[in-house]
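Everything on this sheet refers to the single structure shown next.
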Amino acid sequence: MGRKLTPKSWPNNAKVAVCLSFDVDNEAFLLARGETSPTTLSAADFGAQSGLGRILRMLDKYKIPASFFIPAVSAVIHPEQIPAILKSGRHEIGVHGWIHEFLPALQSAAEEERLLNQAIDFLTKAAGKRPVGYRAPAWAFSEYTLPLIRKAGFLYDSSLQAMDEPYEIVANGEPTGMVELAIDWTLTETPYLGRSGTMPNPELLYQLYRAEFDGAYQEGTMFLLTLHPHVTGHRAPMQQLEKLVAYMKSKPGVWFATGEQIAEYVKKTAKEAR
Ligand SMILES: [Zn+2]
């Protein structure tokens, strides 16, 4: 971890930057590990069939942007997803692996680079714009990932977790210029919901996210949430997410932005401060 990149002020003197991000995994992470159960795959297909549409309708209702990190194979299986995400003109598409491959297990820089470039090329074509944001599948870097995403020219990464505000990644003691928009296992829903989840009451999700948002608001930094259409797209968690969005919308000085917009802004202000 390098220097903190939270700026002295956000655009329009906002008190906090909010980035809602969605990892559109659907079946990709199951196929990557050879899962063939139609039942298991159908529960992931839910993300494409029901979850994503619900999320997009909610974002449209509040007219807010979000960042969608997509394994290319998820878009191959469901080609309607990227056009649906891009329709409003507010959202960002980011890279989330070729087939949600677990990078530490590949143990090959060449194979990792091949899959990365294949994913970038596919998403560039499908979205009509080269992605600038990267999130590692399963949020897991290998020893090759940072050099490879630097070489590929990404503006920012969103896989590491050393702070709950934007920071610069350092490699071998040298600043890389790569912006990190950090995530966290408490700021996602998968540990609480789904097959191995232990959430007794979906209301608790709202309480957790709201308390994190309130803290980021007080500190004047960033609140970044990472959710999955095949999990959060269900009715009960959607209610909690919408409640959270309505709460954040009710506060003055909240800048809803994509990861790209936040990364560009903090990079620019850090440069000016030098
Ligand atoms: Zn994922």
With the condition kept exactly as written, say whether any residue in segment 114-133 is touching a helix residue (DSSP H, G or I) at 6+ places or on another chain (Cβ under 6 Å), touching a residue at least 60 places away in the same chain (Cβ under 8 Å) and within 15 Å of the ligand (Cβ to nearest atom). yes
What's the number of the only condition in (1) closer than 30 Å to Gly153 by Cβ; (2) open to solvent by less than 20 Å² (accessible area, probe 1.4 Å); (3) touching a helix residue (DSSP H, G or I) at 6+ places or on another chain (Cβ under 9 Å) that Leu205 fails to meet? (1)
Would you confirm, using the coordinates I've provided, whether Glu168 is open to solvent by less than 50 Å² (accessible area, probe 1.4 Å), within 16 Å of the ligand (Cβ to nearest atom) and acidic (Asp, Glu)? no
Can you name the residue in segment 20-59 that is in a helix (DSSP H, G or I) and charged (D, E, K, R) and is also farthest from the ligand (Cβ to nearest atom) among such residues? Arg57
In segment 60-108, which helices (runs of 4 or more DSSP H) lie fully inside it and hold 2 or more residues that are within 13 Å of the ligand (Cβ to nearest atom)? 72-77
Does segment 40-53 contain at least one residue that is crowded, with 19+ Cβ neighbours inside 10 Å, touching a Pro at 6+ places or on another chain (Cβ under 6 Å) and small (Gly, Ala, Ser)? yes
Are any of the residues in segment 147-158 under 14 Å from the mean Cα position of the chain (by Cα), among the polar types (S, T, N, Q) and at pLDDT 95 or above? yes
Do you know which residues across segment 114-145 are of a type outside the set (Val, Ile, Thr) and closer than 23 Å to Thr188 by Cα? Pro131, Gly133, Tyr134, Arg135, Ala136, Pro137, Ala138, Trp139, Ala140, Phe141, Ser142
For Tyr247, state whether it is away from the ligand (no atom under 16 Å from the Cβ), surrounded by 18 or more Cβ atoms within 10 Å (Cβ to Cβ) and either outside any loop (DSSP other than H, G, I, E, B) or not charged (D, E, K, R) (or both). no
Please list, ordered by first then second residue, the pairs with beta carbon atoms under 9 Å, 6 or more apart or interchain, first in segment 135-151 and open to solvent by less than 20 Å² (accessible area, probe 1.4 Å) and in a helix (DSSP H, G or I), second more than 14 Å from the ligand (Cβ to nearest atom) and modelled with pLDDT under 95. none
With the condition kept exactly as written, say whether any residue in segment 20-32 is open to solvent by 40 Å² or more (accessible area, probe 1.4 Å), closer than 30 Å to Tyr217 by Cβ, touching a residue at least 24 places away in the same chain (Cβ under 8 Å) and not aliphatic (A, V, I, L, M). no
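The values are calculated or read from the model by the stated rules, or taken from the named source; none is laboratory data. These figures come from a predicted structure and were not determined experimentally. Note that each Cβ is placed from the backbone with ideal geometry, even for glycine, and that neighbours are counted across all protein chains shown. Surface accessibility is based on the protein's heavy atoms, side chains included, excluding ligands, DNA and RNA. Shrake-Rupley method; radii C 1.70, N 1.55, O 1.52, S 1.80 Å.
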